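The values are calculated or read from the model by the stated rules, or taken from the named source; none is laboratory data. Small disclaimer: the values here were computed from a predicted structure and weren't measured. Here Cβ is always computed from backbone atoms with ideal geometry, including for glycine, and neighbour counts include all displayed protein chains. With ligands, DNA and RNA removed, areas are computed over all heavy atoms of the protein, side chains included. Shrake-Rupley method; radii C 1.70, N 1.55, O 1.52, S 1.80 Å.
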Amino acid sequence: MKIFQKLPLLNILRRPVRSAVLLFMVAILSFTVFGGAVMVSGLRRGMASLEDRLGADIMVVPEEAAGKDGLESIVLQGNTGYFYMDDTRLEEILAVDGVSQAAPQIFLASLAASCCSAKVQLMGFDPQSDFTVLPWIRKSYAENLKEMEVVVGSDITSEEGDTLTFYDVDCTVAAKLTKTGTNYDRCVFAGADTIRVLTSSSIGKKLNQFSEIDPNHVISCVLVNTQDGADMDKVVSAINETVDGVTAVRTGSMVSGIAGSLNGISRIVRVMIIVVFVLAFIIMMIAFTMLINERRREFALLRVFGVSQGSLARSVWSEILLICLTGALIGVLAALLVTVPFSGALQGRMDMPMLMPGIASMLKYLLLAVLIAAAAGTLSSCWNVNRVCRADIGLALRLEK
Amino acid sequence: MILTAEKISRSFPRGSREFYALQETDITLAGGRMTVLQGRSGSGKTTLLNILAGLQSPSSGRVLAQMTRGAEDGSVQGEMAPAATDLYSLDDKELSRFRNDHYGIVPQGQSAVAALSVLENIMLPGTVYSQDVNLPEKAQALMERMGIADLKNAFPKELSGGEMRRMSIARAMIRDPQVLFADEPASDLDDENRDTVFSILREIADEGKAVLVVTHERCARNYADEVYQMDAGALRLA
Ligand SMILES: Nc1ncnc2c1ncn2[C@@H]1O[C@H](COP(=O)(O)OP(=O)(O)OP(=O)(O)O)[C@@H](O)[C@H]1O
Ligand SMILES: [Mg+2]
């Protein structure tokens, strides 16, 4: 390449300290934009996927399991636990006006002890009536689950064909589920019959908190869909009034807490992006003004050698844009390195479901981050570039002879 | 090329009055001749040189460049080409191109592009428009002529004042210009270096270029065809 065309690149490469400082500032800007966008989008997707997993209108649990310590602690905080009610409740719930579908689930938690492979949350579903877990399992496993077969969430380390032992009963891993970004990724699923076998064994070994129950006639919760047009709040009250010892809640109210904090986080991230943009803009304006002023005489020299105002402007712009684009890519890369490996940790820390956006969205955010960095670079220096390119050559040559 | 300035002047506002850095002046530079311009600091020498070199527009008057045929082979009495170019009637693009094509300029003071090596600095004007053929060979020959061939990969901050000057002259010559302008090319050089610079400029004039040298040095007269004296913006033959 010709030297004059290479000048922007050489200016960057041969002033490494100055370039590093500028690149660092641009990188911080794009790191924030990209990282923030990916994080918010990950949380939104995580929440959508949680809604899918809770894909029912109403959830009915034993009275003592309602609220923070019961179901929500398992689903939202990722704790393990279990609670029971009599399976006759299912019939009573189905009889309530406005209920169209009701699917029971039965929970069990394994122990971090020699009887079990690991401490995990076990969830049993009824293949006949289930409408939330099965559609998800179908994505990874087309066949029906046989007795003593389990499917595992994506965060469980076992693979298809492995054996998992719970309360000294061996189960075979039939499939691994797709990632949801929720605590369901750390659960093990099985048909209700399999879970009942495991529950019996846990009672037999005196390892179950509920020694009195009959494992074949208990359920832990019932997921309910209402008939089209039915008033969900009325159905909830009807269940609470007519069925003894249970609490019905709308799943929406479980999710709405998350939605609230999600909106809060989005707002914080948005404010953060604006603050960083303004700060980066000011710092870049100062830095690029210094970069340009310090070289006013050099620009005048280029004009002396026959460089026109237009090609001088192009040369200066190339240098600025080269810095902005490279800095932006560094920032995006750094953001990827931080968000992707630590998304799991982030999820655990915030008690929020998190599902990384796909490649297409990632590319979109990458483009956004690069564009914003380039915009900050050009906007913060356009006035200065214009000024020096049109400057009187004779006057500029008088500077610092 | 014959360069003619007709009634050029340049004024700047100073306080409430106009200050004339250059009073109405006529001057002609011709190929093969070395013109020396002397005068006190602040007398307007650089202002005149800048106007002739197409770097600063005059407040009045015009600068005409008359191409001569046969200038390439060094003959001074080339036939006149039909039309002269009025420098300050050109737009920025055309004037920039004109400077690059026909002028070699050694500005007053430090004039290196910091990020470029000596060799790259010298080749730079040859790469602004389409790249000259044999550019590296030409640059090599010029560096040898100026005695700076060993420094081709050095960067400007490593050079002494005299080496920097010689680099500037080599760079001004890289496009094989018809007019060479040198503003204080020998300031703060020792006697030996100063003599080297002036004899190189003389050689360049002898090759058929028009050479204008602004300098304080008295000894420059020994090399010149014409010597002008500048006094508070007024030009006279010395
Ligand atoms: N752009 C400008 N604005 C105001 N005054 C100027 C400008 N350029 C030059 N002058 C003034 O014009 C006068 C002539 O300046 P010039 O640079 O031509 O002098 P010079 O003879 O080259 O001096 P030196 O030997 O110190 O280089 C000076 O008084 C200077 O202050
Ligand atoms: Mg001067």
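Observations, loosely collected:
- Hey, B:L142 crowded, with 19+ Cβ neighbours inside 10 Å and more than 9 Å from chain A (Cβ to nearest Cβ) or not: yes
- The single condition among (1) surrounded by 22 or more Cβ atoms within 10 Å (Cβ to Cβ); (2) under 30 Å from A:A345 (Cβ atoms) that A:R186 does not satisfy is (1).
- Within segment B:40-55, being within 10 Å of ligand 1 (Cβ to nearest atom) and under 16 Å from B:L212 (Cα atoms) holds for B:G44, B:K45, B:T46, B:T47, B:L48, B:L49, B:N50, B:I51.
- Any hit, segment A:67-77, residues being away from every other protein chain (no Cβ under 14 Å), assigned to a loop (DSSP other than H, G, I, E, B) and open to solvent by less than 10 Å² (accessible area, probe 1.4 Å): yes
- Segment B:99-122: number of residues that are of a type outside the set (S, T, N, Q), in a helix (DSSP H, G or I), open to solvent by less than 20 Å² (accessible area, probe 1.4 Å) and facing chain A (nearest Cβ under 8 Å): 1
- When we screen B:L212, B:L235 for residues that are within 16 Å of ligand 2 (Cβ to nearest atom), in contact (Cβ under 8 Å) with a residue 24 or more places away in the chain and open to solvent by 30 Å² or more (accessible area, probe 1.4 Å), the only hit is B:L235.
- Only one entry in B:Y223, B:Y228 is within 16 Å of ligand 1 (Cβ to nearest atom), buried (at least 20 other Cβ atoms within 10 Å of the Cβ) and over 22 Å from A:E298 (Cβ atoms), namely B:Y228.
A quick yes/no check of all residues on (1) at pLDDT below 95; (2) within 12 Å of the chain's Cα centre (by Cα); (3) closer than 17 Å to B:M143 by Cα:
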residue	(1), (2), (3)
B:G162	yes, no, yes
B:A172	no, yes, yes
B:E184	yes, yes, no
B:D188	yes, no, no
B:D191	yes, no, no
B:I204	yes, yes, yes
B:E207	yes, no, no
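- In this structure, A:L13 does satisfy being under 30 Å from B:G126 (Cα atoms) and either more than 31 Å from the chain's Cα centre (by Cα) or not hydrophobic (A, V, I, L, M, F, W, C) (or both).
- Selected residue [open to solvent by less than 20 Å² (accessible area, probe 1.4 Å), part of a helix (DSSP H, G or I) and not assigned by TED's automatic domain parsing to the domain that holds A:G358] from A:L198, A:L164: A:L198
- Some residue of segment A:330-351 being at positive phi, within 16 Å of ligand 2 (Cβ to nearest atom) and not in a helix (DSSP H, G or I): no
- Residues (away from ligand 2 (no atom under 16 Å from the Cβ), under 20 Å from A:A396 (Cβ atoms) and surrounded by fewer than 22 Cβ atoms within 10 Å (Cβ to Cβ)) located in segment B:35-64: B:S57, B:S59
- Taking every residue in segment A:287-306 that is at positive phi and within 12 Å of another protein chain (Cβ to nearest Cβ) and pairing it with any residue that is crowded, with 19+ Cβ neighbours inside 10 Å and not charged (D, E, K, R), at least 6 positions away or on another chain, the pairs with Cβ-Cβ distances below 7 Å are A:G306/B:S96; A:G306/B:N100; A:G306/B:P125; A:G306/B:V128.
- Flag if B:D188 is among the acidic types (D, E), open to solvent by 60 Å² or more (accessible area, probe 1.4 Å) and within 26 Å of A:R15 (Cα to Cα): no
- If you check A:V17, A:V60, A:V21 for being farther than 30 Å from A:G358 by Cα and not assigned by TED's automatic domain parsing to the domain that holds A:S308, only one passes: A:V60.
- Residues of segment B:102-118 that turn out to be away from ligand 1 (no atom under 16 Å from the Cβ) and more than 13 Å from the chain's Cα centre (by Cα), as a count: 7
- Residue match in segment B:150-164 (condition: open to solvent by 60 Å² or more (accessible area, probe 1.4 Å) and more than 14 Å from every other protein chain (Cβ to nearest Cβ)): yes
- Within segment B:115-157, considering residues that are among the charged types (D, E, K, R) and under 21 Å from A:R297 (Cβ atoms), the one modelled with the highest pLDDT: B:E120
- Taking the listed residues A:A376, A:A313, the one that is within 14 Å of chain B (Cβ to nearest Cβ), of a type in the set (A, V, I, L, M) and open to solvent by less than 70 Å² (accessible area, probe 1.4 Å) is A:A313, with no other qualifying.
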